[in-house]
1. Mind checking the dipole of the protein assembly as shown: about its Cα centre, +1 per Lys or Arg Cβ, -1 per Asp or Glu Cβ, Debye to the nearest 20?
2. Roughly how big is the stretch C:116-265's charge dipole about its Cα centre, with Cβ charges of +1 (Lys, Arg) and -1 (Asp, Glu), in debye to the nearest 20?
3. For chain B, what is the charge dipole size about the Cα centre, in debye to the nearest 20, if Lys and Arg each add +1 at the Cβ and Asp and Glu each add -1 at the Cβ?
4. At a temperature of 37 °C and a viscosity of 0.692 mPa s, determine how fast the protein assembly as shown diffuses translationally according to Stokes-Einstein, using the Kirkwood radius over alpha-carbon pairs as Rh; express D in µm²/s, rounded to the nearest whole number.
5. Take the rotation relating chain A to chain D, measure from its axis to every Cβ in chain A, and name the nearest residue with the distance in whole Å.
6. Taking neighbour Cβ counts within 10 Å as the exposure measure, how do D:THR248, D:THR125 sort from fewest upward?
7. Per residue of the stretch D:26-34, in order, report the coupling 6.51 cos²θ - 1.76 cosθ + 1.60 (Karplus, θ = phi - 60°) as ³J(HN,Hα) in whole Hz, putting x for Gly and Pro.
8. Report, for C:SER12, each distance to the same residue's label point in the other copies, shortest first and in nm; define the point 7 Å along Cα→Cβ.
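FYI, it's all coordinate maths here, none of it is from the lab. The model shown is predicted, which means the values in this text are computed figures rather than measured ones. So basically every Cβ, Gly included, is an ideal-geometry build from the backbone, and we count neighbours across all protein chains shown.
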There are 4 protein chains.
Amino acid sequence: MSLLIEASFSFSLDQPTDVLLQFEAASLPEQKIINPKTTLSASEHCARVPAQDDIGERIWIRAEGDFDVSYSARAEVQRMIAPLPSLEMLAPHDMPGEAVQYLFDSRYCPADQFQPFVEAEFGDTQGGARIAAIRDWIAQNLSYVPGSSGPDTGAVDSFVQRQGICRDYAHVLISLARASTIPARYVACYSPGVTPPDFHAVAEVFLEDPNTRDGGTWQLVDATGMATPEDIVKIGVGRDAADVSFLTSFGPSNFRSSRVSVVQE
Amino acid sequence: MSLLIEASFSFSLDQPTDVLLQFEAASLPEQKIINPKTTLSASEHCARVPAQDDIGERIWIRAEGDFDVSYSARAEVQRMIAPLPSLEMLAPHDMPGEAVQYLFDSRYCPADQFQPFVEAEFGDTQGGARIAAIRDWIAQNLSYVPGSSGPDTGAVDSFVQRQGICRDYAHVLISLARASTIPARYVACYSPGVTPPDFHAVAEVFLEDPNTRDGGTWQLVDATGMATPEDIVKIGVGRDAADVSFLTSFGPSNFRSSRVSVVQE
Amino acid sequence: MSLLIEASFSFSLDQPTDVLLQFEAASLPEQKIINPKTTLSASEHCARVPAQDDIGERIWIRAEGDFDVSYSARAEVQRMIAPLPSLEMLAPHDMPGEAVQYLFDSRYCPADQFQPFVEAEFGDTQGGARIAAIRDWIAQNLSYVPGSSGPDTGAVDSFVQRQGICRDYAHVLISLARASTIPARYVACYSPGVTPPDFHAVAEVFLEDPNTRDGGTWQLVDATGMATPEDIVKIGVGRDAADVSFLTSFGPSNFRSSRVSVVQE
Amino acid sequence: MSLLIEASFSFSLDQPTDVLLQFEAASLPEQKIINPKTTLSASEHCARVPAQDDIGERIWIRAEGDFDVSYSARAEVQRMIAPLPSLEMLAPHDMPGEAVQYLFDSRYCPADQFQPFVEAEFGDTQGGARIAAIRDWIAQNLSYVPGSSGPDTGAVDSFVQRQGICRDYAHVLISLARASTIPARYVACYSPGVTPPDFHAVAEVFLEDPNTRDGGTWQLVDATGMATPEDIVKIGVGRDAADVSFLTSFGPSNFRSSRVSVVQE
């Protein structure tokens, strides 16, 4: 699938402040990025570093005053898709070391608390079938309500309040997966079906794949139903939203506006 | 310094359960591990994987019923120590990609909330001098009270309640460091001065070191004052205690007892 | 029903400390208290005040060192019992002013967050029938696990973790009732069926009763299933456990032990 | 002091919903309310009930669609003011039963956690002098930042984040007072010095007054410094903001706007 991505956002900084940006589509074997164009306001310093799990890049800036970011690119997505219920869980003792960190509790995903719930609700399913059951449970029990959550909202809040946005859906799915001893990470992404158009977020779970060196592969899952693995363009991954915000400010900042457009060509 | 380490703990599992163990001293250039001996109860499966940042190893077991772990080793520690206040902060845009993750909020260290506090309390210090000031502030304002915290206690709780144990001291220090844009991680370790003797935890911060390839090095800091960089034997590191528990159970488990002895030879 | 109550507990105070005690069965029209006997260690000061909603009494002491409390009484309970599903909800504009406070969020019962859940799960029931449905849902979805919760555990934790003790069951029921616009309060009590024997806690909800001056009456509900309205002897009521602990210390205290026995005669 | 109060706010309800309103200045011996005028949109039901501690009234409405509230009144305030540091603490065993509830933890004021902090920071002061010290500490350590907090923000958050609005200042003061065994309640009010003009909130603490029947009186304290006891017109009181919101909706509601003007005549 070929997608045209255009994104821009702006913020202001009252004093010289370090800010971390991550908004560019990542160059990956399964997603080819063509003609990427990034325009940033002038800054005192600007540096790129590889992002988490070597997926995409982060941009450090140190700046003051108004700051504008604009980005455009075309992405060709050709992702191998496996039917989720057909995939087995990887036994923990067979997991590669890099996947293990995605079993642990993180800022917005205190997963261990959900162990009794997943056992009671999903105890008769395993592996990919359990992930599919969790995804369907979330789709059925949560309402997508823009404005119902904020930067402090975590999976416990969303599970109790039964509402949220894409980031909250992903946090609940990640928590329930980890509580099932299935590694799960957070994926910031672009996708054409997001309504209203915005930066999007989905989850990714690590399930068995006998054809790989590691014994497993990461599978994209979107409990909101707005995106499918075929039309997701990854920006970056992390344990949860704390790791892959498009804007992380190490000091006070005022967010002004953002605009995202993702169109299938 | 030469240290003799002996540790044992036991727990029971009502049904076959996956458990992750991390209790062995890590083999590192600055700490040589001699005659390590690990004895585990019989298990259905047992596998070792490299632990976070390739420091030490994690052991996966799948077992049922009573389980005993015992470990002994001798450790020769020869760590280069730099006087903390002399170290500069590394500018964010100069940080290696691997250090950046240690700036983010984690399960027990929601650091961003502390930005106004660190600015107000420590705003006139920078880099290593700020870390020293934070360490001294914690030592002065928190009381070491065994039993005052539990597995759900995070840095916000400890900051408010002004008490905790080693793990809580480390979480507060890590949070205040990250809120100062200084990468900080959690270090599970052995150390001879811990009273009462137990597994110990300290923090590690990433500060400038012009002599290294990365431009910076990790520096150990113990706000409890019980350990010094010279006598700390690292087990493993992570974002906070969620990543490097000696026992992480993916299902119900009953902890029975532990015993730790660390003696200088 | 006639019940013989015996209770004792002890604690110690390192320095002169104000402590509030509430453990005596309340004298009420529907529960007659016979031969009550309270024995307290010597204290610097001791005073009784009426407790919340004029149900029972609280005892203030100021003491230091070891402190023992022992209490015995016989209680004759003759409570009018209405079948819960037959009771209507009282329209909010018909509620007496005293009942309104029991609709609000309290320390352990942040009820407003549960509004979408109660609407989705119990939206087709009203009044007493909804309370019965909530009680049955809790009984089915939570496990009674002594030791699984602590003094900081609130209804959100218990709802997520799906386990707790009597106090947690009451907090969840109270939260879901309030989220249904039904006033609900916490009742500390004695009851013979509690296993293991201990102080008990249940919930009480305010539902329509055309025969009363207020238009409504309080109805006891125990989601743990261990007590019935016929065999509950109230100690006191409050918004949640923060209001009616048998021991509230305004300074450090060390709880030593307690023993409770309630036997039907 | 004579004050002219004008307030209006509006909200909308997608379906018939019960809503509790509390915005009228309370008639009290120390504040005379002249020419009060309340205008409400049409509603299915409307009823008034006495509010907490018999201070002011609450209005229940059941309505649907757009709803507008407007209110005006003149208030003559003649409040006896005592210099805070001159007031003694009332010994707990001398407190009237009604004051005791204001020592307990509430939704936004989990006061017990602050006991070690108040002991360390304010241990050398007592009674009114301690309250003055707490007020000054808050004024010095918190920043008044409109928009920095929300409906879920509690005293722990504000204490950690060192910022908030009037409601947060009151919650921190109430928590630190209760942790000092001084009863404290939340006061919704009007006051002319509030910038930007809005509904205001302050705290009230119960301190010794030998001239009263109860042995004590409630004293107003505003840690924001925007109001003084002389120019505060009380709307109502409660344990914290959960009890005295101007708008509490028992179902989804959309707040649209509010306007408040308080002018000294």
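1. On the way: 76 positive and 144 negative charges, 0 e Å.
That gives a dipole near 0 debye.
2. On the way: 11 positive and 18 negative charges, 81 e Å.
Its charge dipole is roughly 380 debye.
3. Values: 19 positive and 36 negative charges, 77 e Å.
About 380 debye.
4. Numbers: Rh = 31.0 Å.
Rounded, D is 106 µm²/s.
5. A:GLY150, 3
6. Details: D:THR248 21, D:THR125 17.
With the sparsest Cβ surroundings first, the list reads D:THR125, D:THR248.
7. Karplus values, whole Hz, x for Gly and Pro: 7, 7, 9, x, 8, 9, 8, 9, 10.
8. Here C:SER12 shows inter-copy label distances of 3.0, 6.2, 6.5 nm.
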